[in-house]
Structures are given as structure tokens and as C-alpha cells.
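Before any comments, here is the structure.
The values are calculated or read from the model by the stated rules, or taken from the named source; none is laboratory data. Quantities reported herein were computed from a predicted structural model and do not represent experimental measurements.
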Amino acid sequence: RRSYRMLRAGGRLVAFGASSVSTGEKRNLARAVPQALPMIRGFNLIDQMQESKAVIGLNMLTLWKDRGTLEPWIAPLSELIEDGTVQPVVSDAVPFDQAAEAHRIIAERRNVGKVVLTP
């Protein structure tokens, strides 16, 4: 909600990384809705229209399937990271040979931010 309030007219808040609400090979709406509701509660479509703001969802796998690459979406973000405009929150940096530990950190929800594998 804080991020939404920081938007100016024309701004977009992008939600991604919610794959945990849909498990299994087939989507199960009955199972996903209770998990997804807290994410969308408080975002009123009429308010968004009046304020010219938007909350949108992003599924990276869908983008990958459509184009076979994420480059068109990653490139502008990479520039913002490089110039310091966007500062990603990194919870843990784990050596690649300890990838299992990185998975444990995520599975046990011990991270606040991203878990990054390093060489």
C-alpha cells in the first residue's frame, strides 16, 4: 500500500513473484483465491481510475513463453539498477554450490528480499 501511495499520476505498481498461490500442474482457483486476496485487498479499481494509477500483475513465465526471452523487460530495469535509481533488497547471497541452502532459506521463509546465487 505504501508503494502505491508513492505513485504519481500515470504510475504503475507491478506485482510479481506470486507463483506460490498457484501450485500443481493445473491452476486451482478455489485454492489460489484465499492466498491472493490479501495481496489485492485495498486496491480499488475506481480509485485507480480517478488517480490515474495502476496495479498490474506480471507472470515472467508467460512473458518468456511469448517471446523466448525476458530481455525487453529486463533491459530498462537493469539500467535503473546500474544508475542506483532502483536498489533491490538482497536478503542472502549464497554460493552456487550451496544452492540447496538457498532453497531452504526461501522454503522456510527466512528471507526478506531476494536470495541470490553467487559464483
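Observations on the structure shown:
- In the stretch 86-118, the residues that are among the basic types (Lys, Arg) and on the phi > 0 side of the Ramachandran plot: Arg109
- Counted residues, the stretch 88-103 - those being over 27 Å from Leu77 (Cα atoms) and either among the acidic types (Asp, Glu) or modelled with pLDDT under 95 (or both): 2
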